[in-house]
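The values are calculated or read from the model by the stated rules, or taken from the named source; none is laboratory data. Quantities reported herein were computed from a predicted structural model and do not represent experimental measurements. Quick reminder, even Gly has a Cβ in these numbers, built from the backbone with ideal geometry, and neighbours come from all protein chains shown.
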Amino acid sequence: MAAAVQTETVAITINDIELHVPKGELIVESVKRLGLEIPIFCYHPRMKPVGMCRMCLVEVGFKQPDGSVRKMPKPQAGCTLPASEGMVVYTDTEMVHRDRKGVLEFLLINHPLDCPICDRGGECPLQNNTLAYGPSTSRFLEVKRHLPKAYPLSEYVTLDLERCIQCGRCVRFTEEISGDSQLAFRFRGASMQPSTFQLTDFESRFSGNVIEICPVGALTSSKYRFRARPWDLETRPGLCTLTPCGTNVFYDYRSGRLVRINGRTNEDVNEEWTSDTTKFGHDALYNNPNRIQVPHVREGEAFRAVEWSEAYAAVLGACEGKRTAVLAGTMLSNEDYYAWQALARTALATNHLDLRWQKTLLPASQMLKARTGLPGVQYGIADLENALAILVFGTNLAADQPMSYLRTRKAWFRNGARVVVAHHEASEAESFAHVVLRYRPGTAAELAAGLANLLAPELADATRIATPEWTEAQTGVPADRLREAAEALRGTEFAAITTHGLFDEANGVTAYQTLALLTSHAGGKFNGLVNHANEQGGREMGFAPDLGPGGEAVTAGMNTAEILQAAAKGEIDTLILVGCDPIRDFPDTALATQALENVANLVLVDSAQTEACAYASAILPMALPAERDGTYTSSERRVQRMERILKAPGESKAPWQIAMELGLRAGSSAPYFHARDVMDAIAEQVPAYAGARYQDIPETGVRLANPEGLTRSNDAVVQALQSLLGGR
Amino acid sequence: MSELIQLGAQRPKAPAPDQLELRFSDKAIAELDALRTHYPTEKACILPGLWIAQREYDGYLSPAAIAEVAHRLHRSYAEVEGVATFYSMYTTAHQPGRHMIEVCTCLSCHMCGAYRIADYLEAKLGVKLGETTPDGVFTIHEVECLDACDRAPVLQVGDQYVGPVTEADIDALLDRLRNEDSSAVVQLADSIVQVHLRDTERAK
């Protein structure tokens, strides 16, 4: 998008080494170019510098015409000092060492030094900097300041005010990154403390990040408190499988048990942030006390633990020649989905398989691609950052796509991108929106038509009736505000973002497709993202009733709702649930319950006991994502790999392995020995993954490109619009 | 505030926008709307907004007052509270009395007996510096330099300086203030609000 920018450089000298750096670069960043380091507390590369902690003091001077250096009389904070021509910086002089000692002595005056019981002990910047640069003793003999300890700021964050060194990182995070401004400094001077308004609940979707950026143990995780010492932890890179963003994380575990999740830097996805769902949601999943250890088969009222072979025999016996359907959860890996759809379509001879759990389930012929030729994902999360304007439509972005939300906010905060937020209820994104279009629930399609009327002249015939005034009458969005929104977007190659959640609104599908079409006509890019972890990957693997691997058309089977309805009527003999519980996941709980009650054989492949267990005839233990190898495709179509981190409990197996072993017994599957073998099969079958090799997927993942040369067709959407608008 | 809280107690929640009991009068709302136009952002309007609130809430920036300012200026509660608790002329600790008597104890006043005056005030009113008399009439405070060394020892009451003061002056001052129904703290807040406003924007 942006052309190569010519950056002006300046010549500076750091510790007698001359180098050229971009003009205005902060000295704390410039020294990194030499492999040097300045100790810091308050400085954070992703936030504006404030110079609060004074840890980064350096000596600075300027070259004089006669070649000598005139030093400034006082040291300067490297984090707020922009590089300028002729600047001479010293990071290693006697004076700097004395200054650092002094700053640390001051910081430690009121610090309680309760390191032995502090969660940060062992990975604490204050400890590290004191060890490297600090004084060995303190001259302070007086009584230390005493303040509340372990105050629970929220369900997740515990505040220890005594430990705080008032660096302001947490305050700036909520102000600059997450945008909820939930934390601020109250009082001043020695009594200054970061806290919420009147110490009320810290309500944020991103509160966990302040724990990670706190340079001391002032903000600690309520869930991780006192559970481990950092040096006892083992850490491995992994992925979040709870949000659709593909957030990169570290799994920290101790004695094989997951104790915490930390953000892992991936500039293309999450930078270094995590949402609270990611950071705190995995604990309940992996440390569930009701994990299933071994296969079980029903015997009368009770279950009997059996060998895998017996369980497989029972499952295949229940499937053979029976009307079978397979439903899957959204957390499986690409390999799992591929293996299960292959099993269903061959050995089980059924096309009744689905992984979608919304109310509205579109048949392939009604989907965006089929009706307009446009792909549903046209740009990546990181591309949002460079957008001049962003249209957030029909979604609570912070909840549905947390990482897209942070990028959208960053685009606004850093680059002044204009953000238009259209939704029927209040959402976080409104706080920085240029224009808010709050439409009446169920009128998203009319609003999309109204926007199309203003932005896409090619659709004028279809949307002639949808003038701003008409749109105001239909949706309650003032005509002027609609015009203002259109002005903000016009000619900007704006990025439109919505989610499949929009389908569940009245005429939501029409709204979604109109939006895609108008964005394309107006020269923008459209993302209509899935809302669940690996739903995108599952669809691409062909785990759908009417689409095979790679989107090839197949004989249509029943979708989730139809399967459950059929099951409720007793028209399904065997229902296989892989990592899902319809009672929990399906919006219509009554139907789900009725379906499970009326299925003769319910086969459950799951990691932990769910309500569905009560109806099961066989239960097979499944390993969770971090307990096996696999690849995952996030909502922006980034394929990332997560290798096994934890040991799966008992005899749990990966779902692809269960599918493969069932297939082998039914005589239809090739033997796979590792997820990479399944990936090879995927590379053959799914065009978008052609040539993909499991071990070649880079650490940051690969974003799948869209095939070029897609033609756009208006007809189907125009027809839908006309029937919608004409009916008024 | 110990581990026990963490284990058991419910955390209080910040009030939702529709739970706020908004107390700004029509005049105050008009003033705030006028002040908003003086600044490029609403954030910049927090300080004068707080002065209006200090006047509307009888000289005390209670949590409710802070929340109201935040709500009206579309800022977060925490941010406005941070501003209010930073500046010492905003009263956020407790409801002050009708009259706030501020005793300057900086160098010149100190040399001229400021602490003698402060002790006398404490003894006479029966409260310590920073406290309010039980009848809610007086609050006494120690403040830094009032920039009136020529009148040391000096007191500030509302927007008036009194000084140099002796014990006898204080007796007379307290008697006079006790009989005044109008509140000096509200009057001070109002005069600061009026200073911010343009002539055309002041309520006639």
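From the list A:Ser204, A:Ser221, pick out the single residue that is within 25 Å of A:Ala411 (Cα to Cα) and within 13 Å of chain B (Cβ to nearest Cβ).
Numbers: A:Ser221 fails: within 25 Å of A:Ala411 (Cα to Cα).
Testing whether each residue is within 25 Å of A:Ala411 (Cα to Cα) and within 13 Å of chain B (Cβ to nearest Cβ) leaves just A:Ser204.
Which numbered condition trips up A:Val210, out of (1) part of a helix (DSSP H, G or I); (2) over 23 Å from A:Val249 (Cβ atoms); (3) in contact with a helix residue (DSSP H, G or I) (Cβ under 6 Å, 6 or more places away or on another chain)?
The failed condition is (2).
Those residues that are outside any helix (DSSP H, G or I), under 13 Å from A:Tyr338 (Cα atoms) and either without any contact (Cβ under 8 Å) to a residue 40 or more places away in the chain or among the charged types (D, E, K, R) (or both), I need them from the stretch A:536-556; list them, please.
Matches in the stretch A:536-556: none.
Just a yes or no: is a residue in the stretch A:494-505 within 28 Å of A:Arg637 (Cα to Cα), part of a helix (DSSP H, G or I) and of a type in the set (Gly, Ala, Ser)? Quick ask: steps written out before the conclusion?
Step one: list which residues in the stretch A:494-505 are within 28 Å of A:Arg637 (Cα to Cα), which gives A:494-505.
This time we only want the ones that are part of a helix (DSSP H, G or I), so: A:500-504.
Narrowing further to those that are of a type in the set (Gly, Ala, Ser): A:501.
Yes, the conditions are met somewhere in the stretch A:494-505.
Within the stretch A:319-350, can you find the residues that are surrounded by fewer than 20 Cβ atoms within 10 Å (Cβ to Cβ) and on the phi < 0 side of the Ramachandran plot? Show your work before the answer.
Looking only at the stretch A:319-350, we keep the residues that are surrounded by fewer than 20 Cβ atoms within 10 Å (Cβ to Cβ), and these are A:320-323, A:346, A:349.
Matches in the stretch A:319-350: A:Glu320, A:Lys322, A:Arg323, A:Thr346.
For B:Pro96, state whether it is in contact with a Ser or Thr (Cβ under 8 Å, 6 or more places away or on another chain), outside any helix (DSSP H, G or I), more than 14 Å from chain A (Cβ to nearest Cβ) and more than 30 Å from A:Asp180 (Cα to Cα).
On the way: in contact with a Ser or Thr (Cβ under 8 Å, 6 or more places away or on another chain): yes; outside any helix (DSSP H, G or I): yes; more than 14 Å from chain A (Cβ to nearest Cβ): yes; more than 30 Å from A:Asp180 (Cα to Cα): yes.
Yes.
Confirm whether B:Asp169 is free of Cβ contacts under 8 Å to residues at least 12 places away in the same chain, more than 27 Å from B:Ala44 (Cα to Cα) and loosely packed, with under 13 Cβ neighbours inside 10 Å. Walk me through it before giving the result.
Details: free of Cβ contacts under 8 Å to residues at least 12 places away in the same chain: yes; more than 27 Å from B:Ala44 (Cα to Cα): yes; loosely packed, with under 13 Cβ neighbours inside 10 Å: no.
Criteria not met by B:Asp169.
Of the numbered conditions (1) away from chain B (no Cβ under 14 Å); (2) surrounded by 15 or more Cβ atoms within 10 Å (Cβ to Cβ); (3) of a type in the set (Lys, Arg), A:Lys149 fails exactly one; give the number of that condition.
(1)
Tally time: how many residues in the stretch B:17-37 are outside any helix (DSSP H, G or I) and more than 14 Å from every other protein chain (Cβ to nearest Cβ)?
At the first step, the residues of the stretch B:17-37 found to be outside any helix (DSSP H, G or I) are B:20-25, B:37.
From what is left, the residues that are more than 14 Å from every other protein chain (Cβ to nearest Cβ) are B:21-25, B:37.
Count: 6.
Residues that are of a type in the set (A, V, I, L, M, F, W, C), in contact (Cβ under 8 Å) with a residue 24 or more places away in the chain and within 25 Å of A:Ser275 (Cα to Cα): find the strands (runs of 3 or more DSSP E) completely inside the stretch A:349-446 holding 2 or more of those.
Details: elements: A:389-393, A:418-423, A:435-438.
Result: A:389-393, A:418-423.
Say we look at the stretch B:49-70 and pick out the residues that are touching a residue at least 24 places away in the same chain (Cβ under 8 Å), out of contact with any Phe, Trp or Tyr (no Cβ under 6 Å at 6 or more places or on another chain) and within 12 Å of another protein chain (Cβ to nearest Cβ); which of these is farthest from B:Thr91 (Cα to Cα)?
If we take residues in the stretch B:49-70 being touching a residue at least 24 places away in the same chain (Cβ under 8 Å), out of contact with any Phe, Trp or Tyr (no Cβ under 6 Å at 6 or more places or on another chain) and within 12 Å of another protein chain (Cβ to nearest Cβ), then B:Ala64 is farthest from B:Thr91 (Cα to Cα).
Of all the residues that make up the stretch A:181-201, how many are among the acidic types (Asp, Glu) and either more than 11 Å from chain B (Cβ to nearest Cβ) or in contact with a His (Cβ under 6 Å, 6 or more places away or on another chain) (or both)? Spell out the reasoning first.
Taking the stretch A:181-201 first, the residues among the acidic types (Asp, Glu) are A:201.
Then keep just the ones that are either more than 11 Å from chain B (Cβ to nearest Cβ) or in contact with a His (Cβ under 6 Å, 6 or more places away or on another chain) (or both); that gives none.
Within the stretch A:181-201, residues that are among the acidic types (Asp, Glu) and either more than 11 Å from chain B (Cβ to nearest Cβ) or in contact with a His (Cβ under 6 Å, 6 or more places away or on another chain) (or both) number 0.
Quick one: which residue in A:Thr274, A:Thr265 is outside the structural domain of A:Ala623 (by TED's automatic domain parsing), surrounded by fewer than 17 Cβ atoms within 10 Å (Cβ to Cβ), more than 21 Å from A:Trp340 (Cβ to Cβ) and not charged (D, E, K, R)?
The conditions single out A:Thr265.
Find all pairs meeting these conditions: Cβ atoms under 6 angstrom apart; at least six residues apart or on different chains; first residue within the stretch B:181-202 and farther than 19 Å from B:Leu35 by Cα; second residue surrounded by 13 or more Cβ atoms within 10 Å (Cβ to Cβ) and β-branched (Val, Ile, Thr).
B:Ala184/B:Val157
Of all residues in the stretch A:617-661, how many are of a type in the set (A, V, I, L, M, F, W, C), touching a helix residue (DSSP H, G or I) at 6+ places or on another chain (Cβ under 6 Å) and part of a helix (DSSP H, G or I)?
So the answer is 3.
Within the bounds of the stretch B:38-45, is there any residue that is more than 14 Å from every other protein chain (Cβ to nearest Cβ) and surrounded by 21 or more Cβ atoms within 10 Å (Cβ to Cβ)?
yes
Among (1) assigned to a loop (DSSP other than H, G, I, E, B); (2) surrounded by 23 or more Cβ atoms within 10 Å (Cβ to Cβ), which single condition is B:Glu81 missing?
The number of the failed condition is (1).
I need the helices (runs of 4 or more DSSP H) fully contained in the stretch B:109-204, keeping only those with at least 2 residues that are in contact with a Lys or Arg (Cβ under 8 Å, 6 or more places away or on another chain).
B:167-178, B:184-196
Quickly run through the stretch A:681-728 and pick out the residues that are more than 26 Å from the chain's Cα centre (by Cα), at pLDDT 80 or above and either in the same structural domain as A:Ala444 (by TED's automatic domain parsing) or on the phi > 0 side of the Ramachandran plot (or both).
Matches in the stretch A:681-728: A:Gly691 only.
Surrounded by fewer than 23 Cβ atoms within 10 Å (Cβ to Cβ), more than 12 Å from chain A (Cβ to nearest Cβ) and out of contact with any Asp or Glu (no Cβ under 9 Å at 6 or more places or on another chain): does that describe B:Leu125? Let's see the steps before the verdict.
Numbers: surrounded by fewer than 23 Cβ atoms within 10 Å (Cβ to Cβ): yes; more than 12 Å from chain A (Cβ to nearest Cβ): yes; out of contact with any Asp or Glu (no Cβ under 9 Å at 6 or more places or on another chain): no.
It is false that B:Leu125 is surrounded by fewer than 23 Cβ atoms within 10 Å (Cβ to Cβ), more than 12 Å from chain A (Cβ to nearest Cβ) and out of contact with any Asp or Glu (no Cβ under 9 Å at 6 or more places or on another chain).
With respect to A:Arg409, determine if the residue is over 21 Å from the mean Cα position of the chain (by Cα), among the basic types (Lys, Arg) and either modelled with pLDDT of 95 or more or surrounded by 24 or more Cβ atoms within 10 Å (Cβ to Cβ) (or both).
Answer is no for this residue.
Has the stretch A:494-502 got at least one residue that is among the hydroxyl-bearing types (Ser, Thr, Tyr) and modelled with pLDDT of 90 or more? Before the answer, list the steps.
Looking only at the stretch A:494-502, we keep the residues that are among the hydroxyl-bearing types (Ser, Thr, Tyr), and these are A:498-499.
Now restrict to residues that are modelled with pLDDT of 90 or more: A:498-499.
The answer is yes, given that some residue of the stretch A:494-502 is among the hydroxyl-bearing types (Ser, Thr, Tyr) and modelled with pLDDT of 90 or more.
Could you list, in sequence order, the residues of the stretch A:302-348 that are under 26 Å from the mean Cα position of the chain (by Cα) and part of a loop (DSSP other than H, G, I, E, B)?
A:Gly329, A:Thr330, A:Met331, A:Leu332, A:Ser333
Which members of the stretch A:16-65 meet the condition of being closer than 18 Å to A:Tyr133 by Cβ and among the acidic types (Asp, Glu)?
Once the filter is applied, which keeps residues that are closer than 18 Å to A:Tyr133 by Cβ and among the acidic types (Asp, Glu), the stretch A:16-65 yields A:Glu37, A:Glu59.
Go through the stretch A:162-180 and report how many residues are more than 12 Å from A:Ile213 (Cβ to Cβ), within 9 Å of another protein chain (Cβ to nearest Cβ) and not in a loop (DSSP other than H, G, I, E, B). Outline the logic, then answer.
Our first condition is that a residue be more than 12 Å from A:Ile213 (Cβ to Cβ); within the stretch A:162-180, this holds for A:162-166, A:175, A:179-180.
Going one step further and asking which of them are within 9 Å of another protein chain (Cβ to nearest Cβ), we end up with A:175, A:180.
Subset that is not in a loop (DSSP other than H, G, I, E, B): A:175.
Total meeting the criteria: 1.
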